[in-house]
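Everything on this sheet refers to the single structure shown next.
The numbers here are math on the coordinates, done by the rules we state, and not lab data. These numbers come from a predicted model, not from an experiment.
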Amino acid sequence: MTALNIGNTQRETYWSAVRQVYSQVHSLLAPGGVMAVVVKPFVRKGVLVPLPEMTAALLEDIGFEVIEWTEAMFGSSEQARLEGGTYKKERK
């Protein structure tokens with residue numbers, strides 16, 4: 001038997017699934033309550049998809065108010081190895 005959850009439903013899109021989840025969270029939050037959402041843009045077929053902006057628009061449509069927006073930089077830096085040489089360390 002397949003568990004009854006969003007991940008196992010047929011023909012469910014990402015947007016309809018997250019709308020359902022975020023709507024339920026919105027209905028459960030106490031007045032003044034907050035929710036933190038962490039998303040990042042991604043590339044599909046060579047085009048950058050601005051998922052953070054799209055998610056903010058969805059949340060506002062549901063009734064949330066975006067009160068803070070923080071952007072993290074992706075990158076890497078070269079780190080020294082104790083035994084000599086270097087390696088790249090990713091930071092997100």
TODO: For the range 11-82, calculate the relative contact order in percent as a whole number, restricting contacts to Cα pairs under 8 Å that are 6 or more residues apart.
DONE: 26
Task: Amide H within-cut-off set for VAL49, under 5 Å, with H built and near neighbours excluded - done: PHE42, VAL43, ARG44
Open item on the list: Output wanted: per-residue J couplings in Hz (rounded whole) for the range 37-51, from phi through Karplus 6.51 cos²θ - 1.76 cosθ + 1.60, θ = phi - 60°, x for Gly and Pro.
Closed with: 10, 10, 9, 9, x, 9, 10, 10, 6, x, 10, 6, 9, x, 4
Open item on the list: Test of understanding: what is the full-extension gain from VAL43 to VAL21, defined as 0.36 nm times their sequence separation minus their Cα-Cα distance?
Closed with: 5.5 nm
